[in-house]
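Okay, handing you the structure first.
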Amino acid sequence: MLKRTPFYDMHTALSAKMVEFAGFEMPVQYSSIIEEHLTVRRSVGIFDVTHMGEFYVRGKGALAFLQKVTINDVARLKPGRVQYSAMCYEDGGIIDDLLIYRMENQYMLVVNASNLQKDFAWLQSQKFGNVELENVSDATVLLAVQGPKSLATLQKLTKEDLSKIDYYAFTHGILAGVSMIISRTGYTGELGFELYFNTDIETAKNIWIAIFEAGKEFDIQPVGLGARDTLRLEMGFCLYGNDIDKTTNPLEAGLGWITKLSKKEFNGRNSMLKAREEGLKRQLVGFTLPDRTLARHGYEIIYNGNIVGQVTSGTFSPSLKKGIGMGYVATELANAGNIVSVRVRGKEIPATIVVMPFLQNH
């Protein structure tokens with residue numbers, strides 16, 4: 001049986017196309033992916049992302065434990081702040097990328113829906129010292145309100161001054177009459193907030209309705225997984241299972257900025273140090289294609305007649321009005337401006353390697 005979020009009835013009433021995703025019935029689109037995408041870029045959209053996983057980490061040993069199992073420096077995280085990080089195996093392969101929330105007496109980890117069970121089992125297997133892990137995914141509702149008008153929309157529903165919440169920070173507050181975590185985070189590159197709360201289904205529906213009513217003057221629209229993917233790809237954000245997985249290490253995936261090799265010890269550190277010393281053999285790059293050409297996951301990347309990599313993500317960019325994609329290529333080809341080709345339906349289409357994000361004004 002597939003799981004359903006509290007908003008399932010809202011999605012079907014809005015004629016959403018529902019698909020199976022990570023064990024849930026989720027909306028992939030309502031009107032059209034392009035229309036929903038542009039709504040978020042220009043105004044405000046609301047996403048149901050309740051399928052994501054949330055774990056609490058508590059105990060005197062919580063910091064030492066998280067330092068060992070994640071690649072960023074958790075010691076630098078102050079209460080009320082959020083950190084982007086990843087967990088790796090000893091060989092440097094990525095288990096998952098995640099967010100770490102630093103609360104007063106505990107941490108909250110937010111993990112990808114498709115990795116939820118795997119992640120929690122792995123964390124339990126790594127436990128040492130005085131650490132308590134709790135999986136609260138099934139009890140946690142999560143909405144993302146994203147776009148230039150997201151602050152103006154949500155400010156109507158809370159006494160908290162949302163303009164004072166910095167990027168990658170959060171507060172506990174009352175919004176639409178419900179106590180929740182209000183987080184200045186998102187997966188779109190736009191101004192936006194993520195709302196975590198625990199309520200019954202009817203109260204959750206009322207929050208959805210209240211947000212819609214508050215955003216009515218901005219023509220707020222529901223947004224599905226399809227536009228979530230095109231929005232994140234325009235920003236060059238990695239998607240687990242496509243751009244990163246257990247066969248990739250953070251350095252070649254362009255995640256060196258969150259990989260704190262100066263930390264004394266964490267899972268995968270020695271493998272990453274070795275990879276850096278030997279020189280990376282491949283790197284994740286962004287590329288653009290002419291017109292509406294689409295490069296799909298798994299397509300071959302060609303240079304001088306040789307296969308030099310493969311596409312990990314690709315789409316038509318509604319903002320740029322052309323094809324964009326990401327993929328791994330040999331390091332010597334990874335410089336911006338280099339021309340490679342992508343094999344699309346038997347034809348080699350020229351692709352220009354570019355600096356990410358694709359939207360440079362974000």
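Against the conditions (1) surrounded by fewer than 20 Cβ atoms within 10 Å (Cβ to Cβ); (2) closer than 15 Å to Leu154 by Cα; (3) not acidic (Asp, Glu), where does Tyr196 fall short? Just the number, please.
(1)
Name the strands (runs of 3 or more DSSP E) wholly inside the range 261-334 in which the number of residues that are of a type in the set (Gly, Ala, Ser) is 1 or more. Even if it seems obvious, please write down each step before you answer.
Working: elements: 282-289, 300-303, 306-317, 322-330.
Output list reads 282-289, 306-317, 322-330.
For the range 1-52, give me each residue that is crowded, with 19+ Cβ neighbours inside 10 Å, over 21 Å from Glu202 (Cβ atoms) and in contact with a Leu (Cβ under 7 Å, 6 or more places away or on another chain).
Tyr30, His37, Val40, Met52
While we're here: How about the range 307-358: which of its residues are among the hydroxyl-bearing types (Ser, Thr, Tyr) and either over 20 Å from the mean Cα position of the chain (by Cα) or exposed (fewer than 14 other Cβ atoms within 10 Å of the Cβ) (or both)? Outline the logic, then answer.
In the first step, residues of the range 307-358 are kept if they are among the hydroxyl-bearing types (Ser, Thr, Tyr); the result is 312-313, 315, 317, 319, 328, 331, 341, 352.
If the condition is that a residue be among the hydroxyl-bearing types (Ser, Thr, Tyr) and either over 20 Å from the mean Cα position of the chain (by Cα) or exposed (fewer than 14 other Cβ atoms within 10 Å of the Cβ) (or both), then Thr331, Ser341, Thr352 are the ones that fit.
Next question, about the same structure. Looking at (1) more than 17 Å from the chain's Cα centre (by Cα); (2) farther than 30 Å from Arg76 by Cα, which is the only condition Gly226 fails?
Condition not satisfied by Gly226: (1).
Go over the candidates Val19, Val40, Val28, Val49 one by one and state the one that is under 22 Å from Thr315 (Cα atoms) and over 17 Å from the mean Cα position of the chain (by Cα).
Working: Val40 fails: over 17 Å from the mean Cα position of the chain (by Cα); Val28 fails: over 17 Å from the mean Cα position of the chain (by Cα); Val49 fails: over 17 Å from the mean Cα position of the chain (by Cα).
Checking each option against the conditions leaves just Val19.
A follow-up question, please. All but one of (1) touching a strand residue (DSSP E or B) at 6+ places or on another chain (Cβ under 6 Å); (2) closer than 29 Å to Asn267 by Cα; (3) hydroxyl-bearing (Ser, Thr, Tyr) hold for Ser150, so report the exception by its number.
(2)
Go over the candidates Leu233, Leu261 one by one and state the one that is aliphatic (A, V, I, L, M) and more than 20 Å from the chain's Cα centre (by Cα). Talk me through it step by step, then tell me what you get.
Details: Leu233 fails: more than 20 Å from the chain's Cα centre (by Cα).
None of the other options fit; the residue is Leu261.
So how many residues does the range 114-139 have that are surrounded by fewer than 16 Cβ atoms within 10 Å (Cβ to Cβ), in contact with a helix residue (DSSP H, G or I) (Cβ under 7 Å, 6 or more places away or on another chain) and closer than 25 Å to Tyr8 by Cα?
So the count comes out to 0.
When only residues in the range 140-179 that are within 20 Å of Arg228 (Cβ to Cβ) and of a type in the set (Ser, Thr, Tyr) count, which is surrounded by the most Cβ atoms within 10 Å (Cβ to Cβ)?
Taking the candidates together, the pick is Ser150.
Step by step: first the residues of the range 75-97, then only those that are in contact (Cβ under 8 Å) with a residue 24 or more places away in the chain and more than 19 Å from the chain's Cα centre (by Cα), then the one that is surrounded by the most Cβ atoms within 10 Å (Cβ to Cβ). Which residue is that? Working first, answer last.
Of all residues in the range 75-97, those in contact (Cβ under 8 Å) with a residue 24 or more places away in the chain come to 77-97.
Keeping just the survivors that are more than 19 Å from the chain's Cα centre (by Cα) gives 77-80, 89-92.
Working: Leu77: 19, Lys78: 8, Pro79: 10, Gly80: 15, Tyr89: 14, Glu90: 10, Asp91: 14, Gly92: 24.
Selected residue: Gly92.
Considering each of Asn361, Asn304, Asn267 in turn, give the residue that is under 25 Å from the mean Cα position of the chain (by Cα) and farther than 15 Å from Gly236 by Cα. Working first, answer last.
Working: Asn361 fails: farther than 15 Å from Gly236 by Cα; Asn304 fails: under 25 Å from the mean Cα position of the chain (by Cα).
Just a single option satisfies the conditions, and that option is Asn267.
With the structure loaded, tell me whether Glu217 is more than 17 Å from the chain's Cα centre (by Cα), surrounded by fewer than 18 Cβ atoms within 10 Å (Cβ to Cβ) and more than 21 Å from Met26 (Cα to Cα) or whether it fails that test.
Working: more than 17 Å from the chain's Cα centre (by Cα): yes; surrounded by fewer than 18 Cβ atoms within 10 Å (Cβ to Cβ): yes; more than 21 Å from Met26 (Cα to Cα): yes.
So Glu217 fits the description; yes.
Are any residues in the range 279-295 modelled with pLDDT of 95 or more and surrounded by fewer than 22 Cβ atoms within 10 Å (Cβ to Cβ), and if so, which ones?
To start, the set of residues in the range 279-295 that are modelled with pLDDT of 95 or more comprises 279-289, 295.
Passing the criteria: Gly279, Leu280, Lys281, Arg282, Gln283, Thr288.
The values are calculated or read from the model by the stated rules, or taken from the named source; none is laboratory data. Small disclaimer: the values here were computed from a predicted structure and weren't measured. Backbone-built Cβ (ideal geometry, glycine too); neighbour counts: all protein chains shown.
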